[in-house]
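Inspection log for the structure reproduced underneath, given as structure tokens.
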Amino acid sequence: MVRNKILIVGLGLIGGSLAKAFKKCGYEIHAYDIDKSAIEKAICEGVVKERIDDLNETEDEYAFSFICVPVLESIPILGKLSSKIKNGIITDVGSTKTHICKYSIEHKIANFIGGHPMAGTEKIGYKYSFDELFNGAYYFITPTEMNRKEDIEKLKNLLQSIGCKVEEVDYVLHDKITAVISHLPHVVSAGLVNMLNSNEIYCKFAGGGFKDITRISSSSPKMWADISISNKNMLLELIDAYIELLKNFKTSLKSENYNEIFNYFEKAKIIRDTIV
Ligand code: TYR
């Protein structure tokens, strides 16, 4: 195993940004992606040293391997990597953690530690990646009892070196938190846009507020379909709670209960004003 070699599987917005940030810290980056043009661009830019063509041939030489693909594709890749990489740390960046962490426990992959940067944009692909994406961002890691303390420390140190604020959290709790602050909002945001039904007049006049609440609906459909399936149970519960909330608002509106309607907006304003 070589201390400064990092493997990135999936050189999109997140994988590409990690590659750029690690390269800046002096690491040597090796990368795999089905889109070979992304890797070629990264090699031309001097970000990636070598393109990996077949993950089945992976050498056990990387200090860290990052799986940066849509969540439903992460597990087969973890299966492949873990059969080859026995010394270095394997991690991922997926938005859900229960799925992959349970797999790692069932298959006794002790060198896998789940991870998830709370960073990103609605843009898709390597061309939008940038080295400062993680600077100042929260980064969840979800270690399990089978991980070695020193591996957890090594991963934390690496992530802190690119500016991340690392938080250790249980994988089930992680999926609950992200369902509330990220997964349900993505479903709602897409729903609001779908309400327009491509109507030209609505699209023409949709302004600041609409754009604020729907920016994230421009994100990758593949990524969000995978996340929805992989956090299905949490998301189903939250969708019920959200429908209940809208139903209550509807009742208040029907009866023109001014206080209840006012309180709905006031409560939201008070909470939103505390989020910086
Ligand atoms: N939704 C975020 C944005 O566009 C990016 C993001 C996506 C962050 C998925 C985390 C995540 O798991 O601002």
Q | Residue, farthest from the chain's Cα centre (by Cα), within the range 105-118, restricted to residues that are surrounded by fewer than 20 Cβ atoms within 10 Å (Cβ to Cβ) and closer than 22 Å to Gln160 by Cβ | A | Asn111
(Q) Six or more apart or on different chains, Cβ atoms under 6 Å: show the pairs whose first residue is in the range 120-137 and within 14 Å of Ser161 (Cβ to Cβ) and whose second is more than 11 Å from the ligand (Cβ to nearest atom) and part of a loop (DSSP other than H, G, I, E, B). (A) Phe134/Ile162; Phe134/Gly163; Phe134/Cys164; Asn135/Gly163; Gly136/Gly163; Ala137/Cys164
Q. Strands (runs of 3 or more DSSP E) wholly in the range 22-107 with at least 3 residues that are touching a residue at least 40 places away in the same chain (Cβ under 8 Å) - which ones?
A. 62-67
Q) Given (1) surrounded by fewer than 16 Cβ atoms within 10 Å (Cβ to Cβ); (2) within 16 Å of the ligand (Cβ to nearest atom), where does Glu168 come up short, assuming only one miss? A) (2)
Q) List, please: which pairs have Cβ atoms under 9 Å, are six or more places apart or on different chains, and start with a residue in the range 181-196 that is closer than 15 Å to Met118 by Cβ and end with one that is among the acidic types (Asp, Glu)? A) His183/Asp175
Q | the range 112-148 - residue that is among the basic types (Lys, Arg) and assigned to a loop (DSSP other than H, G, I, E, B) and, of those, nearest to Thr96 (Cα to Cα) | A | Lys123
(Q) Need pairs with beta-carbon distance below 6 Å; first residue of a type in the set (Asp, Glu) and within the range 214-236, second within 11 Å of the ligand (Cβ to nearest atom) and assigned to a helix (DSSP H, G or I); sequence gap 6+ or separate chains. (A) Asp226/Val71
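Read-outs: derived from the displayed coordinates by stated rules, not from any lab. Here the structure is a predicted model, which is why all the values come from computation and not from measurement. As a convention, Cβ positions derive from the backbone with ideal geometry for all residues, glycine included, and neighbour counts pool all protein chains shown.
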